[in-house]
Structures are given as structure tokens and as C-alpha cells.
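The values are calculated or read from the model by the stated rules, or taken from the named source; none is laboratory data. If you're wondering where the values come from, they're calculated on a predicted model, not measured in any experiment. Glycine gets a Cβ as well: all are built from the backbone with ideal geometry, and neighbour counts include every protein chain shown.
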């Protein structure tokens, strides 16, 4: 019991001291969200932390009608490794969420925040992307580049409207605390 | 008695592992009325009348617009009040700032959700 409480305290303090905002992906649609997620400093491209290959998983899947929350790198649910790239000339390296570089006071943890996602919607529970005819041909609709619009490396609107539904990226912030949201309707 | 307790714990653990969506549903159903209302308000941002206007899309800011923040405000107030804080105290602490009230409500929502998830896990 003591150990459980200790684990909880450590878990909590880890998420409180992190500077990155908590990201919530709410998929209200009837399709599955498959996307890579990118965190960078404000206005620059590096260091870059992402959920993308060759890290595991190589994309974030948020099934239809579910919500995924990510409050800090070390506490990320279902993430075996993040892809970390410190500069344009250095290689991108998969790092376990517990790696010291992903926790404060590391600059990577304190400077970066979720700003972009590149995603596609799939028919729920399948590997078939949502396309004009429901075929397995890679679709052109709802092929989203969605972001907070602050990053020149990853251009994308913060609101996308398609015949299949809408998606948006927004923040709610006050007093130095920011919550980031990706909502799929 | 111990054996029964152990069996119950093991079966709960197994159930929660093998059926993630069931666990998610449990968390949802254990949320307070105020938490559920706040979640619904968040979802209602996708209702046709509540979606981003052309002007809001062009604003260049990823911060949710004040108009859309106001959609979340009533349920945020209720959620904060459900912890025993009065309307006057909310006004005093936030100076009536919508963003401050929303961040406060989101923090409460996160904390309560985490508590529920931990209870489901344990």
C-alpha cells in the first residue's frame, strides 16, 4: 500500500513539474483518428519531440468516440518511445518516456509543447482510410494538417472542415497554464 | 474471505485489462453530473452554431475565442461550485476572467478524472 502511494506521489509530481501543456485528443467522430503528433518550442523547429516512426507506436490511434489525454512525456499512456531530434543536423532518436531528456529540468521537456498533428481518419476498427468511396485507396479528404499555426516547419490550419466532419486544434490558457485540445467532430 | 477478496481484485484487474472500452465506460459513468456536463459542453463546440466562424479561423491565434469560451463557462462554473467554492469566491479569485475560470475548471476535471481512473485501477 505504501509503495502504491509512493508511486502515485512520484507520478503526480512528475506531471506537475512539467512545462508542456496537457494535450487532450477528443475524437467525437465515428471514425478512428490515426495521426503523428509533433511538439516543438514556440516559433522554432528544434528540439522536436514526436509520436512517429521509428519510435513506437509510429502514430497515435484514438478510436471513434474516445478521448486520449497526454499530460507529460514521462506519464504518456501507451507510448513506448518518443522520437527526439535536437537539431536539423542531428539524427532523430527514439527515447523511452522515462529518459532524463524528456523530464524537467531538461530543455527538451521545458521548451517544447504540442503544436501540430498530421492525421487521417480511418473507418472504425479497420485499416481502411475514410475516402470518397470507402475504398482502401489513400484518401484525399480529411487528410489533416492541423496545428497552432505558430510553427513554420509544420504549416497547418487550426481548423479543418470536410464533408466527413470537422477537426480543430485550440488552446485554453491563463496564468502560465495551457491546455491544448484536438477535437474531431 | 481473503480468497474471495483476492478473486474479486484479480477479476477486476483482468476485466480492466482485457476490455479497455469497458474500463473507459466505467470511468465515464463514475464522473459526477457536473463533470459530465462540462464534457458535454466541450463536445458542443462542434455543434453547427458553436463552430469557429470564418473570422475566428482567420484570427491567427490557436487560443479558443472568447465567444466559444463562453459556451463552456456555465458548466465550468457549476463544476468549480461542486467542490464547495461559491460564486463570489470564483469572482474574487479570477476577477471574472473567463480563461482563468476555464483553466480552474479543467484542473478540477483532470484531478477528479485521475482519481476515478485510480479507483478503477486499484
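Consider the range A:26-43. How many of its residues are within 18 Å of residue A:149 (Cβ to Cβ) and at pLDDT 90 or above?
Total satisfying the criteria: 7.
Tell me which helices (runs of 4 or more DSSP H) are completely within the range B:58-122 and hold 3 or more residues being touching a helix residue (DSSP H, G or I) at 6+ places or on another chain (Cβ under 6 Å) and either free of Cβ contacts under 8 Å to residues at least 60 places away in the same chain or loosely packed, with under 12 Cβ neighbours inside 10 Å (or both), or say none if there are none. Show your work before the answer.
On the way: elements: B:66-81, B:87-94, B:98-121.
Ranges flagged: B:66-81, B:98-121.
Scan the range B:88-96 and give yes if some residue there is within 30 Å of residue A:155 (Cβ to Cβ), within 11 Å of another protein chain (Cβ to nearest Cβ) and modelled with pLDDT of 95 or more, otherwise no.
First pass over the range B:88-96, keeping only residues within 30 Å of residue A:155 (Cβ to Cβ): none.
No, the range B:88-96 contains no residue that is within 30 Å of residue A:155 (Cβ to Cβ), within 11 Å of another protein chain (Cβ to nearest Cβ) and modelled with pLDDT of 95 or more.
Take the residues in the range A:120-156 that are within 12 Å of chain B (Cβ to nearest Cβ) and at pLDDT below 85; name whichever of them is nearest to the chain's Cα centre (by Cα).
For the range A:120-156, the residue satisfying everything is A:148.
For the range A:99-116, give me the residue count where each residue is more than 23 Å from residue A:158 (Cα to Cα) and in contact with a strand residue (DSSP E or B) (Cβ under 7 Å, 6 or more places away or on another chain).
The total comes to 3.
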